[in-house]
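Colleague: Dropping a structure here in structure tokens format, bear with me for questions.
The values are calculated or read from the model by the stated rules, or taken from the named source; none is laboratory data. Treat the numbers as computed from the prediction; the structure is a model and nothing was measured. Cβ coordinates were reconstructed from backbone atoms using ideal geometry, including for glycine residues, and neighbour counts include every protein chain displayed. SASA here: full protein model, heavy atoms, side chains in, ligands and nucleic acids out. Shrake-Rupley method; radii C 1.70, N 1.55, O 1.52, S 1.80 Å.
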Amino acid sequence: FAAFLFLQGIETLHLRMPRHCENAQAVAEHLEQHEAVEWVNYPGLPSHPDSERANHYLPDGKGAILGFGIKGGMEAGKKFINSVKLCSHLANTGVRAHFGGHRGCERHHRGHRSSTCRRCGVG
């Protein structure tokens, strides 16, 4: 059954990934201008240190994954993650799903669920 689902997804991947990349670019540009965002990590932004390389090697899209930091530290990150309504707290690649996570509170971060996770009450 897993192989069937995999094949179903592969059939439309060439149609979905350009849209994912366009959406990621638009979200990154929006976040970069947002007053509550401290930083945005997306190679499609001119401010990204590898922007030139991304333009050279990824002319059809800079990817569908981006990272960003919320101003206000751990408490602001916790509040943001617990307030998210449109994203799932899980990882999927190339599918119609969104992931929201706080790096300091992810189970896979440093290979275990850290004391940071328990302190911020996320995960």
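Colleague: Among the numbered criteria (1) open to solvent by less than 40 Å² (accessible area, probe 1.4 Å); (2) more than 17 Å from the chain's Cα centre (by Cα), which one does LEU58 miss?
Modeller: Every listed condition holds for LEU58 apart from (1).
Colleague: I want to confirm something. Restricting to region 1-42 and keeping residues that are polar (S, T, N, Q) and free of Cβ contacts under 8 Å to residues at least 24 places away in the same chain, which single residue is least open to solvent (accessible area, probe 1.4 Å)?
Modeller: Top of the filtered list is THR12.
Colleague: Let me ask another. What is the residue count in region 63-88 for residues that are assigned to a helix (DSSP H, G or I) and either under 13 Å from the mean Cα position of the chain (by Cα) or at positive phi (or both)?
Modeller: 2
Colleague: Same structure again: Being open to solvent by 60 Å² or more (accessible area, probe 1.4 Å), at pLDDT 90 or above and touching a strand residue (DSSP E or B) at 6+ places or on another chain (Cβ under 8 Å), is that true of even one residue in region 86-98?
Modeller: no
Colleague: For residues that are polar (S, T, N, Q) and assigned to a helix (DSSP H, G or I), tally how many sit in region 1-53.
Modeller: Result for region 1-53: 5.
Colleague: So, one more: Pairs please, first residue from region 52-64 and closer than 20 Å to VAL27 by Cβ, second anywhere and part of a loop (DSSP other than H, G, I, E, B), Cβ atoms under 6 Å, 6+ apart in sequence or on different chains.
Modeller: Going by the 6 Å Cβ cut-off, the qualifying pairs are ALA54/PRO43; ALA54/LYS62; LYS62/PRO43; LYS62/GLY44.
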